[in-house]
Every structure is written in structure tokens, then in C-alpha cells.
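Note sheet for the following structure.
Each value in this text was obtained by applying a stated rule to the coordinates, not by laboratory testing. From a predicted model like this one, the values you see are computed outputs, not experimental measurements. Here the Cβ is made from the backbone with ideal geometry for all residues, glycine too, and neighbour counts use every protein chain on show.
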Amino acid sequence: MAAKSPVMLLLGFGPNVGHHVSEAFAAKGYIVARASRKIKEEESTATQINIPIDLSDPESVIGVFSKLKDTHGFPSVVVYNGTSSFH
């Protein structure tokens, strides 16, 4: 039986830091869940999960964890790269 790949959740994926961080974890065998406002869920693959999210809404952050738990289990690593401010 094959070992299950660990999951890394990146909150605030973007073309610079987010892209490079997700690539580094993917190279180590992680399933990478990338969450951001402008990402397209339909472009997900077996090893890259795209999740649209508004980081200024705490409920949407909770929803990301629920979705991952149901599909891939809880993430082993969470990286917050968002710039939204909470008020």
C-alpha cells in the first residue's frame, strides 16, 4: 500500500513567493493546496488543488480546512502569505 502524500496549504497564493513556495513543496512530494482570490478551481490537478478564497472572510478560511479534510485530510503544513487585513 502506497503512503499517502502530505498536504501543504498555502493561503495567499501569488505569482512570486506563493508560486515558489508551492513549487518547493511539490518537489518534495506534497500535495499542494493553493488558496487565493483569483485562482481557478477548475485548473486543479491530482497534486495541486486550487481553492478560491477571500482571506478577509474568516468563514472562508474555515471552509478551506473543511474542504481539505474531506478530500485529502488535514494539511501537514500551512503557509500564510496573504496581505488582507482583518478589521
Place a label point 7 angstrom from the Cα of Lys67 along the Cα-to-Cβ direction, then list the residues of the range 32-50 whose backbone nitrogen is under 14 Å away. 32-45, 48-50
Near the amide H of Asn81, under 5 Å away, which other amide H atoms are found, from residues 5 or more places off or on another chain, if H is placed in the peptide plane? Leu11, Gly12
DSSP beta bridge pairing in the chain, given as percent antiparallel to the nearest 5: 0
The whole-number value in µm²/s of the Stokes-Einstein translational diffusion coefficient for the range 26-73, with Rh from the Kirkwood sum over alpha carbon pairs at 10 °C and 1.306 mPa s, is 142
What number results when the radius of gyration of the chain, computed over Cα atoms, is divided by 2.2 N^0.38 Å? 1.03
Computed for the chain: size of charge dipole around the Cα centre, +1 on C-beta of each Lys and Arg, -1 on C-beta of each Asp and Glu, debye to nearest 20, value 220
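Which order do peptides 54-60, 41-47 fall in by mean Cβ count within 10 Å, highest first?
Working: 54-60: 13.1, 41-47: 9.1.
The densest-packed peptide leads the list: 54-60, 41-47.
Rounded to the nearest 500, what is the chain's calculated 222 nm mean residue ellipticity when only DSSP H runs of at least 4 contribute -39500 (n - 2.57) each, over all residues?
It comes out at -9000 deg cm²/dmol, rounded to the nearest 500.
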Between helix 17-27 and the chain: long-axis angle, C-alpha atoms, 0 to 90°, nearest 10: 10
As I understand it, the value is the acute angle between the Cα axis of helix 58-71 and the longest principal axis of the Cα atoms of the chain; what does it come to in degrees, rounded to 10? 10
